[in-house]
Amino acid sequence: MDTPLSNDDVVTMTVPLWEQAKAALAEGDVDWATELIDQAVERWRSLQDYSINWITSLLSFIGRELGEEAVERALRQTGDEYVRPRRDTGVDWSTLPASARAKVVARAMVANFADCDVSEDDEKITLSFRCGSGGRLIDEGRYEGDDAYLVLGERAPRTFMRDELPVYCAHCSVNNEMQAVEWTGYPMTIETPSTGKGARCVHHVYRDLDAIPEDVYRRIGKEKPTA
């Protein structure tokens, strides 16, 4: 026999876990707050898994039905309608110091369940990730087998002129580099996506944006702007 929902049931259904964690901290129950935070993270990870597979399945369908160039068009549409307004903070990206630009990129990746190593030299800051989204799909073998997602195979700016690029990773070339150059004159970061299971995705954040090498632009079909 079904029983009515209790007040505690309703709270767990309607109050976000992080708000429940705050309430537990206010009551001094650190252990319960910690458990609630862990539960919140696990739910977010489940939603992330759903989202990245949904996106990759859809992009795979577009590429197989309409061709790889249609994948780029779809990503460009997303870039114009969502990514560009999201990045419009009123501050010119190129005026920010490399440390600030690197923090933005690293924090976003870590929030997406990547782990991040940081190194730097006089020229640039290097961020090395075990990617929590596109790289995770590679590590899980989602581009292998009978139900594999699409691997782009046409050498083009959208594949960084590679022979192959997993379709999810194409947003890195299209939105973060190609469109970023079109919008601002510079790529958001210079990316080297994962090349296989266990490999890392590497981002270079140049201190002087005008020092970005010409071949970075050529691999995405662009010309380096004059200083």
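The values are calculated or read from the model by the stated rules, or taken from the named source; none is laboratory data. Quick caveat: nothing in here was measured; it's all calculated off a predicted structure. For neighbour counting, all protein chains shown are included, and Cβ atoms are generated from backbone atoms with ideal geometry for every residue, glycine included. The area values use the complete protein model at the heavy-atom level, side chains included, leaving out ligands, DNA and RNA. Shrake-Rupley method; radii C 1.70, N 1.55, O 1.52, S 1.80 Å.
Residues that are of a type in the set (G, A, S), farther than 22 Å from L96 by Cα and open to solvent by less than 20 Å² (accessible area, probe 1.4 Å) number at least 1 in the following helices (runs of 4 or more DSSP H) confined to segment 132-209: 134-139, 170-173. Scanning segment 116-157 for residues that are in contact (Cβ under 8 Å) with a residue 24 or more places away in the chain and of a type in the set (F, W, Y) yields F129, Y149. For segment 98-108, a residue qualifies if it is in contact (Cβ under 8 Å) with a residue 24 or more places away in the chain and of a type outside the set (G, A, S), and the qualifying residues are R101, V105.
This table checks each residue for (1) farther than 29 Å from K22 by Cα; (2) surrounded by 12 or more Cβ atoms within 10 Å (Cβ to Cβ); (3) of a type outside the set (V, I, T).
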{"position": "Q39", "(1), (2), (3)": "no, yes, yes"}
{"position": "S51", "(1), (2), (3)": "no, no, yes"}
{"position": "T56", "(1), (2), (3)": "yes, yes, no"}
{"position": "I62", "(1), (2), (3)": "yes, yes, no"}
{"position": "E65", "(1), (2), (3)": "yes, no, yes"}
{"position": "R73", "(1), (2), (3)": "yes, yes, yes"}
{"position": "Q77", "(1), (2), (3)": "yes, no, yes"}
{"position": "Y82", "(1), (2), (3)": "yes, no, yes"}
{"position": "P85", "(1), (2), (3)": "yes, no, yes"}
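Among the conditions (1) touching a residue at least 24 places away in the same chain (Cβ under 8 Å); (2) closer than 26 Å to T189 by Cβ; (3) in a helix (DSSP H, G or I), R64 misses just one, which is (2). Flag not set for R86, criterion: in a loop (DSSP other than H, G, I, E, B) and among the charged types (D, E, K, R).
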